[in-house]
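Trainee: Take this structure, written in structure tokens, and hold onto it; I'll ask about it next.
The values are calculated or read from the model by the stated rules, or taken from the named source; none is laboratory data. Note that the structure is predicted; figures quoted are calculated from it, not measured. Every residue, glycine among them, receives a Cβ derived from its backbone with ideal geometry; neighbour counts consider all protein chains shown. The accessibility values were calculated without ligands, DNA or RNA, using every heavy atom of the protein model including side chains. Shrake-Rupley method; radii C 1.70, N 1.55, O 1.52, S 1.80 Å.
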Amino acid sequence: MRRRLQSITNKIPAIVSIGLVVLLWHILSVTGIVPSYMLPSPSDVMKAFIEDFELIMMHAGVTLVEAFYGLLIGIAFAFIIATVMDRWTIMHKALYPIMIITQTIPTIAIAPLLVLWMGFEMEPKITLVAITTFFPIAVGLLDGYKSVDRDYIDLMRAMGAGRYRIFTHVKIPAALPHFFSGLKVSTSYAVVGAVISEWLGGFEGLGVYMTRVKKAYAFDRMFAVIIFIVIISLLLMLLVNVIKTISMPWILAEKRSKEQ
Amino acid sequence: MDMTVLKAENITKSYDNVSVVEDISIELKKGEIVSLLGVSGVGKTTLFNILSGLLAPDEGKVFLKCEDITGKPGSVSYMLQKDLLLPHKKIIDNVSLPCVIQGMKKSEAREKVKPLFKEFGLEGCEYKYPCQLSGGMRQRAAFFRTYMSSNGVSLLDEPFSALDTLTKSAMHRWYLDMMKKIDMSTIFITHDIDEAIYLSDRIYVLSGKPGVIRDEICIKQHKPRDEEFAFSFEYMEYKKRILKAL
């Protein structure tokens, strides 16, 4: 009970500051300081969202599917490559520079190329999401594997454990917190990555919807979809947090024993 | 019966042409507690890594009973100063880990260790995480795990040095008590002379650079040893002899 009350108190400053921003926005557009065709008021945006609700949901479904498959592929690749890099030092030396280079390529620049190579369907979008989400997770896993104290590995060896058992009993659990930090970042990248790739060619998805309403100068709809994307990203990050808490019950136990 | 369970013969090891330990021979008899006493940096831990098979010596051999285990880990158990309990496993899974590594199923391994919790004074801690236990209790759990992985022989590397004085003497009593109950022969490393005299049947004194065995002392005082022993004439004689060798 006390803990719940405390968690509400902790959130009050954030709620107040967000409320103030919305209020300021409202005042600016209602008083006409910023003309309403440039900055629609929050209530106009809400109205637009309700009017276009079904359309937005249809597009959102497509974007989420792309983001989900892309993220899944990104996770799979990150896991394989980070594990290989951790196992063989030579692979680490060989692959690390390539990993960094892929991150310096601007997403906006390769998205049209991917469309040219793969067509206007989901493939180029999924590929782009996989490329952008791969990196934070791979780096997280690498750091996690490395965070294991040498003594733990010696102890496991002294007990007669081979590489596989050391990996499953010690390295993976130690890497989990790092993995989830990476996954949290990647999840928000996934949605944004999917939207960006839709801007540059496609028939469906929130990115396509955005380009259409932009061309029609329907700023209220534009704002509605932007806020909707923000909310989706936040919800997905929350989901990652829930999965994290469930899959690492010992973290909760550690927190509780520290509080006492 | 003088049954030797662990024997190291003429162990020599050097790193980058700097000799760390030289021509060390030690042996451990069944049921014995033997300590390796020496200042830090004398090569005690290197010697332990060799005895446990984690490290191969440049020269010399290690035998468990009659089997040559030089450079082969997994035969004798090893416990370090840090408890090294895996933070993500419950105590029951931590202590049964050696069985799982030997190929047992998790549920079977749990069943195997369950009845022993009472003996190790860890009743009620089975399903707690290591972070929920005190330092002394964690050390007990680590000792329990060491016992599960031992073939009757364990190596303890400064197992009590991370504990505060009061916990430490409580752990000493608990440890001697445990040793009577379970069938285990132990070599342990320490730099604490009083601890060595209080716990050991025999003491090897290591010193110098490279580390060599300077003296071997049998502590004849019968066990259990009470506090009086620490003020006795014999005790002082042992202490004097150790200090001279160091």
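Trainee: At a probe radius of 1.4 Å, what is the per-residue accessible area of B:Thr45, in Å² to the nearest 10?
Mentor: Its heavy atoms expose roughly 60 Å² to the probe.
Trainee: Give the accessible area for A:Phe68 in Å² (nearest 10); use a 1.4 Å probe, count only protein heavy atoms, and leave out ligands, DNA and RNA.
Mentor: 120
Trainee: A further question follows. Take the alpha-carbon centre of the stretch B:123-196, take the same for the stretch B:18-38, and report the distance between them in whole Å.
Mentor: The distance from the Cα centre of the stretch B:123-196 to that of the stretch B:18-38 comes to 20 Å.
Trainee: From the square roots a ≥ b ≥ c of the eigenvalues of the alpha-carbon gyration tensor of the stretch B:118-187, which class results: rounded (a/c under 1.5), prolate (a/b over b/c), or oblate?
Mentor: It comes out oblate by the Cα gyration axes.
Trainee: With θ set to phi - 60° and the Karplus curve 6.51 cos²θ - 1.76 cosθ + 1.60, what are the ³J(HN,Hα) couplings of the stretch B:175-181 in order, to the nearest whole Hz, using x for Gly and Pro?
Mentor: 5, 4, 4, 4, 4, 6, 6
Trainee: Ordering A:Asp149, B:Asp164 by accessible area with a probe of 1.4 Å, largest first, what comes out?
Mentor: B:Asp164, A:Asp149
Trainee: Does anyone have the angle between helix B:233-245 and the longest principal axis of chain B? Alpha-carbon axes, 0 to 90°, nearest 10?
Mentor: It is inclined by approximately 70 degrees.
Trainee: So how many Å³ per residue does the convex hull of the Cα atoms of chain A work out to?
Mentor: About 169 Å³ per residue, rounded to a whole number.
Trainee: Mind checking Rg over Rh on chain B, alpha carbons, Kirkwood formula for Rh?
Mentor: 0.97
Trainee: Express in Å², to the nearest 10, the accessible area of A:Glu204 obtained by rolling a 1.4 Å probe over the protein heavy atoms while all chains stay in place.
Mentor: 90
Trainee: Taking a quarter of the surface of the Cα convex hull of the stretch A:1-121, what do you get in nm²?
Mentor: Computing the convex hull of the Cα atoms and averaging its projections yields 14.6 nm².
Trainee: Also, quick follow-up: For chain A, take the longest principal axis of its alpha carbons; what is the angle in degrees between that and the long axis of helix A:53-87, to the nearest 10 within 0 to 90?
Mentor: Around 20 degrees separate the two axes.
Trainee: Show B:Cys131, B:Cys66, B:Cys218 ordered by accessible area, largest first, where the area counts protein heavy atoms only and the probe is 1.4 Å.
Mentor: Of B:Cys131, B:Cys66, B:Cys218, the descending order of accessible area is B:Cys66, B:Cys218, B:Cys131.
Trainee: Which of B:Ile182, B:Ile92, B:Ile213 moves most in a GNM of chain B, Cα contacts under 10 Å?
Mentor: Greatest mean-square fluctuation among the candidates belongs to B:Ile182.
Trainee: Past the 16 angstrom mark, what percentage of all C-alpha to C-alpha distances in the stretch B:1-101 do you count?
Mentor: Of all Cα-Cα distances in the stretch B:1-101, 63 percent exceed 16 Å.
Trainee: Check B:Arg214: other-chain or 5+ apart residues with amide H under 5 Å from its amide H, H built from backbone geometry?
Mentor: Close amide H contacts, sequence-distant or interchain: B:Val205, B:Leu206, B:Ser207.
Trainee: Could you rank A:Met156, A:Met38 by how accessible they are, 1.4 Å probe, largest area first?
Mentor: Order by accessible area, largest first: A:Met38, A:Met156.
Trainee: Next up: I'd like to know how the stretch B:84-147 sits against the 2.2 N^0.38 Å rule of thumb: what's its Cα Rg over that expected value?
Mentor: For the stretch B:84-147, the normalised Cα radius of gyration comes out at 0.98.
Trainee: What chymotrypsin sites (Phe, Trp or Tyr not before Pro) in the stretch A:16-54 are in a loop by DSSP, with at most 16 other Cβ atoms within 10 Å of the Cβ?
Mentor: Sites meeting the loop and neighbour criteria: A:Tyr37.
Trainee: Another one. To the nearest whole number, what is the average tally of beta carbon atoms from other chains within 10 Å of the beta carbons of peptide B:123-132?
Mentor: For peptide B:123-132, the averaged partner shielding equals 3.
Trainee: What distance in nm lies between label points placed 7 Å from Cα along the C-beta direction at A:Met118 and B:His222?
Mentor: For the pair A:Met118/B:His222, the computed spacing is 8.2 nm.
Trainee: Would you work out if the stretch A:140-200 is rounded, prolate or oblate? Take a ≥ b ≥ c from the square roots of the eigenvalues of the alpha-carbon gyration tensor; rounded if a/c is under 1.5, else prolate when a/b is larger than b/c, oblate otherwise.
Mentor: Prolate shape, in that a/c is at least 1.5 and a/b is the bigger ratio.
Trainee: With solvent modelled as a 1.4 Å probe, how much accessible area in total do chains B and A shield from it at their shared surface, in Å² to the nearest 100?
Mentor: So the total buried area for this chain pair works out to about 2100 Å².
Trainee: Do any trypsin sites (Lys or Arg not before Pro) in the stretch B:72-109 lie in a DSSP loop with no more than 13 other beta carbon atoms within 10 Å, and if so, which?
Mentor: Taking the stretch B:72-109 and a limit of 13 other Cβ atoms within 10 Å, the loop trypsin sites (Lys or Arg not before Pro) found are B:Lys105.
Trainee: While we're looking at this one, here's another question. Counting partner chain Cβ atoms within 10 Å of every residue's Cβ in A:169-175, what's the average?
Mentor: Other-chain Cβ atoms within 10 Å of each residue's Cβ, averaged: 3.
Trainee: On to the next question. DSSP loop (so not H, G, I, E, B), at most 12 other Cβ within 10 Å: list which trypsin sites (Lys or Arg not before Pro) in the stretch B:192-222 pass both filters.
Mentor: B:Lys220
Trainee: How large is ³J(HN,Hα), in whole Hz, for each residue of the stretch B:5-21 in order, when computed from phi with the Karplus curve 6.51 cos²θ - 1.76 cosθ + 1.60 and θ = phi - 60°, using x for Gly and Pro?
Mentor: Working through the residues one at a time gives 9, 10, 9, 10, 10, 6, 6, 10, 8, 9, 10, 6, 6, 9, 6, 9, 10 Hz.
Trainee: When the Kirkwood hydrodynamic radius is evaluated over all pairs of different C-alpha atoms of the stretch A:74-137, what value in angstrom, to one decimal, is obtained?
Mentor: Hydrodynamic radius (Kirkwood, Cα pairs) of the stretch A:74-137 is 12.7 Å.
Trainee: Can I ask one more? Could you work out the mean count of beta carbons from other protein chains within 10 Å of each residue's beta carbon in A:238-250?
Mentor: Average neighbour count from other chains, rounded to a whole number: 1.
Trainee: Same structure, new question: Mind computing the radius of gyration and Dmax over the alpha-carbon atoms of the stretch A:137-260? Å is fine for both.
Mentor: Over the stretch A:137-260's Cα set, Rg and Dmax evaluate to 21.2, 70 Å.
Trainee: Hey, another quick one. Which lysines have a Cα less than 22 Å from the Cα of A:Lys184, not counting those fewer than 8 places away in the same chain?
Mentor: Partners found: A:Lys11, A:Lys125, A:Lys146, A:Lys171, A:Lys244, A:Lys255.
Trainee: If one puts a single equal scatterer on every Cα of the stretch B:122-161 and applies the Debye formula without solvent, what log₁₀ I(q)/I(0) results at q = 0.14, 0.15, 0.24 Å⁻¹?
Mentor: -0.34, -0.39, -0.86
Trainee: Also: Tell me, Kirkwood radius of the protein assembly as shown from alpha-carbon pair distances, in Å?
Mentor: For the protein assembly as shown, the Kirkwood estimate is 27.7 Å.
Trainee: Measure nothing fancy, just the Cα-based angle from helix A:219-247's long axis to the longest principal axis of chain A, in degrees from 0 to 90, nearest 10.
Mentor: 20
Trainee: Still on this structure, please answer the following. Provide the per residue accessible area, probe 1.4 Å, for the stretch A:1-117, rounded to a whole number of square angstrom.
Mentor: 70
Trainee: If you average over every viewing direction, what projected area does the convex hull of the Cα atoms of the stretch B:108-246 give, in nm²?
Mentor: 9.9
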